[in-house]
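J.: Attaching a single structure in structure tokens format; questions to follow.
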Amino acid sequence: MLEVEAIHVGYGPLQVLWGVSVGVKEGEVVSVIGPNGAGKTTLIKTIVGLLRPRAPDGGRITFRGRRLDRLAPEEIVRQGIAVVPEGARVFPEMSVLDNLRMGALVPRARGRRAQTLAEVFALFPRLEERAGQPARTLSGGERQMLAVGRALMACPALLLLDEPSLGLQPTLVKAIMETIRRINERGITVLLIEQNVHFSLPMSHRAYVLEHGRIVLEGPGAELLRDPHVRVSYLGI
Amino acid sequence: MDQLAAFGQTVLNGLLQGGVYAAAAVGLSLIFGVSGILNAAHGELVMLGAFTTYWLFKLHGVDPLLTLPISFVLLFGLGYLLQFLVLNRTLGAPLLVSLLVTFGMSLVMVNTALRVWSADYRMMAVPYFDRSVYVGPLIVPLSRLTAFVIGLAMVGGLYWLLQRTELGRMIRATAQDWEMASLMGVNPRFVYAVTFGLGAATTGVAGSLVAFYTPVEPNMGLTYTLFAFSVVVLGGMGYIPGVVWGGFALGIAQAMTETYVEAGLSLLVAFFLLYLILRFMPAGIMGKGRVE
């Protein structure tokens, strides 16, 4: 469904990703793990078009057979990709409801807005309670829920999540991971960037380990969880 | 009693002028709040709106009230194109760049206007605007009352559009986080162009309203740039409803000065208020503006 093929990406003279390839098949949960500064967020930003692969041989990104790496972000999300960015990045001065409405701007989601909104409220009742509040008044966990809800409003085929559990207390981390699993069960493909490998790997069909801008390991999630390198580096065992 | 009436009349004059100031400033606030552009050609948009109304009335006999939508549409188109073709190239550049570019635009507009329309002062003579409404001892000129009501209604309409419509949500989202807005499917360059269009359109209409009761001339823009800037700072940078309070504050302060000190000090009053507010209340009268 999503093919990231040998992309080289950087900021000015600083190259961050070196020939990274990642594939996601329809219906999967795929996670990418790696230390801070490995290039995980850069990978997400490149997929959605906020960063470009280096010209001329920076690799290619295709989604359902269509090249993404030359499209603008607003065109990429219209293909059926939604993002929960690092730090949630909800619109702080807009109400919770308006944030969710913003999620449903893409043509594929517009007509189904009322129905999707009811589904999102069923998934996160807290958001319905706070519908009229400005998003800046939400707690960290609620912002993360809002960011996930906003992404779901786009009726995406592929959901990208960049560290949705960052800074949340352990019970909330568990709840968010459980929500992601349920979202996947509804048929939405998930590409997840997550440091909490303890939660993320067991539910991932496949996973990649990204270090220093290169993929160093890949395999089924459960298998990677038993890998000695992963256990030492990410679980501290 | 006479003194009281004079005082009341002064406050009333200030309020009437303040409503038009609010209309003339709201576009500056909108554009700054969304795109981070300080439009140095702002007053020239007032001038162009004023001339639109003047010439349509003078040459084609169009009722001044009917020129307002024409002014709106023409200035919207101009604003949209200026942002789309020119200002979008300055996105991400320091504030000074857009300030210089818009300053250049203002020079082009003023000098073109001088060339084609000459530096003459021109005043519309609209029969039904010569009348006044009398409220007790107070006199309310119909032209000013009309301008006041339409000006404030326009500010309210713009606020409604921003808060309640899909386009408004797109504009607010882009103002708060344009990258995230683009990930919602919004084209930020389109939103910036529409925003500049709306800002220019409302400013042009304010210019049309000004033409109801003051002479029109190519150099009139600069004072409106300064007034609008003062009003926006008084109300709070980037806080749209603040222009109403800022407009009233400037309008009343100027009217007071004219009545009790000396006429012709209106620019000085604007600068003095600007100094006071920046010194003591940098987030504006309501404390809701942006401080950087």
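The values are calculated or read from the model by the stated rules, or taken from the named source; none is laboratory data. Note that the coordinates shown come from a computational prediction; the quantities given were computed from them, not determined experimentally. Virtual Cβ from ideal backbone geometry, glycine too; neighbours counted across all protein chains shown. The accessibility values were calculated without ligands, DNA or RNA, using every heavy atom of the protein model including side chains. Shrake-Rupley method; radii C 1.70, N 1.55, O 1.52, S 1.80 Å.
J.: Just to check your reading of the model, which residue among B:Ala173, B:Ala181, B:Ala147 is under 21 Å from B:Phe248 (Cα atoms), open to solvent by less than 20 Å² (accessible area, probe 1.4 Å) and either modelled with pLDDT of 95 or more or not in a helix (DSSP H, G or I) (or both)?
T.: Details: B:Ala173 fails: under 21 Å from B:Phe248 (Cα atoms); B:Ala181 fails: under 21 Å from B:Phe248 (Cα atoms).
Going through B:Ala173, B:Ala181, B:Ala147 in turn, just one is under 21 Å from B:Phe248 (Cα atoms), open to solvent by less than 20 Å² (accessible area, probe 1.4 Å) and either modelled with pLDDT of 95 or more or not in a helix (DSSP H, G or I) (or both): B:Ala147.
J.: Would you please name the residue that is nearest to the other protein chains (Cβ to nearest Cβ), looking only at residues in segment A:32-53 that are at positive phi and open to solvent by less than 40 Å² (accessible area, probe 1.4 Å)?
T.: Step one: filter segment A:32-53 for residues at positive phi, giving A:34, A:37, A:39, A:49.
Those still in the list that are open to solvent by less than 40 Å² (accessible area, probe 1.4 Å) too: A:34, A:39, A:49.
Numbers: A:Gly34: 22, A:Gly39: 18, A:Gly49: 8 Å.
Applying the filter and picking the extreme gives A:Gly49.
J.: Among the listed residues A:Arg150, A:Arg113, A:Arg101, identify the single one that is open to solvent by 10 Å² or more (accessible area, probe 1.4 Å) and within 10 Å of chain B (Cβ to nearest Cβ). If you could, list the steps in order and put the result at the bottom.
T.: Numbers: A:Arg150 fails: open to solvent by 10 Å² or more (accessible area, probe 1.4 Å); A:Arg113 fails: within 10 Å of chain B (Cβ to nearest Cβ).
None of the others qualify; the one that does is A:Arg101.
J.: Can you report the number of residues in segment A:62-84 which are touching a Pro at 6+ places or on another chain (Cβ under 7 Å), at pLDDT 95 or above and at negative phi? Walk me through it before giving the result.
T.: Initially, segment A:62-84 is screened for residues touching a Pro at 6+ places or on another chain (Cβ under 7 Å), giving A:69, A:78, A:80-82, A:84.
Now narrow it down to the ones that are at pLDDT 95 or above: A:78, A:80-82, A:84.
Imposing the further condition that a residue be at negative phi reduces the set to A:78, A:81-82, A:84.
Adding up the residues that qualify gives 4.
J.: Ok, one more. Just a yes or no: is a residue in segment B:131-148 touching a residue at least 24 places away in the same chain (Cβ under 8 Å), among the polar types (S, T, N, Q) and within 14 Å of another protein chain (Cβ to nearest Cβ)?
T.: Checked against the condition, which is being touching a residue at least 24 places away in the same chain (Cβ under 8 Å), among the polar types (S, T, N, Q) and within 14 Å of another protein chain (Cβ to nearest Cβ), segment B:131-148 yields no hits at all.
J.: Return yes when A:Gly87 is modelled with pLDDT under 95 and either over 25 Å from B:Thr165 (Cα atoms) or of a type in the set (Gly, Ala, Ser) (or both) and no when it is not.
T.: Details: modelled with pLDDT under 95: yes; either over 25 Å from B:Thr165 (Cα atoms) or of a type in the set (Gly, Ala, Ser) (or both): yes.
Yes.
J.: Same structure, new question: Could you list all residues from segment A:127-141 that are in a helix (DSSP H, G or I), modelled with pLDDT of 95 or more and over 20 Å from B:Leu183 (Cβ atoms)?
T.: Quick first cut of segment A:127-141, residues in a helix (DSSP H, G or I) only: A:127-129, A:135-137, A:140-141.
Keeping just the survivors that are modelled with pLDDT of 95 or more gives A:127-129, A:135-137.
Within segment A:127-141, A:Glu128, A:Glu129, A:Thr137 qualify.
J.: I've got another one for you. Please enumerate the residues belonging to segment A:150-198 that are part of a loop (DSSP other than H, G, I, E, B), within 25 Å of A:Val209 (Cβ to Cβ) and not charged (D, E, K, R).
T.: Across segment A:150-198, the qualifying residues are A:Pro164, A:Ser165, A:Leu166, A:Gly167, A:Leu168, A:Ile188, A:Gln195, A:Asn196.
J.: Can you name the residue in segment A:117-147 that is within 14 Å of chain B (Cβ to nearest Cβ) and not hydrophobic (A, V, I, L, M, F, W, C) and is also most open to solvent (accessible area, probe 1.4 Å) among such residues?
T.: A:Arg136
J.: Which one is least open to solvent (accessible area, probe 1.4 Å), of the residues in segment A:54-68 that are more than 22 Å from A:Gly80 (Cβ to Cβ) and in contact (Cβ under 8 Å) with a residue 40 or more places away in the chain? Spell out how you get there, then give the answer.
T.: Going through segment A:54-68, the residues more than 22 Å from A:Gly80 (Cβ to Cβ) turn out to be A:54-58.
Those left that are additionally in contact (Cβ under 8 Å) with a residue 40 or more places away in the chain: A:54, A:57-58.
Working: A:Arg54: 74, A:Asp57: 131, A:Gly58: 1 Å².
Once the filter is applied, the top-ranked residue is A:Gly58.
J.: B:Leu28: within 10 Å of the chain's Cα centre (by Cα) and on the phi < 0 side of the Ramachandran plot, yes or no? Write out each step before concluding.
T.: Numbers: within 10 Å of the chain's Cα centre (by Cα): yes; on the phi < 0 side of the Ramachandran plot: yes.
Spelling it out, B:Leu28 is indeed within 10 Å of the chain's Cα centre (by Cα) and on the phi < 0 side of the Ramachandran plot.
J.: Output the residues belonging to segment B:198-236 that are out of contact with any Gly (no Cβ under 6 Å at 6 or more places or on another chain), of a type in the set (S, T, N, Q) and open to solvent by 10 Å² or more (accessible area, probe 1.4 Å).
T.: Matches in segment B:198-236: B:Thr214, B:Asn219, B:Thr223.
J.: B:Gly151 fails exactly one of the following numbered conditions: (1) touching a Leu at 6+ places or on another chain (Cβ under 8 Å); (2) within 14 Å of chain A (Cβ to nearest Cβ). What is the number of that condition?
T.: That leaves (2) as the condition not met.
J.: Show the residue pairs meeting these rules: Cβ distance below 6 Å; 6+ apart or different chains; first residue within segment B:222-233 and more than 18 Å from B:Gly289 (Cβ to Cβ); second residue β-branched (Val, Ile, Thr).
T.: Sorted first by the residue in segment B:222-233, then by its partner, the pairs are B:Tyr224/B:Val46.
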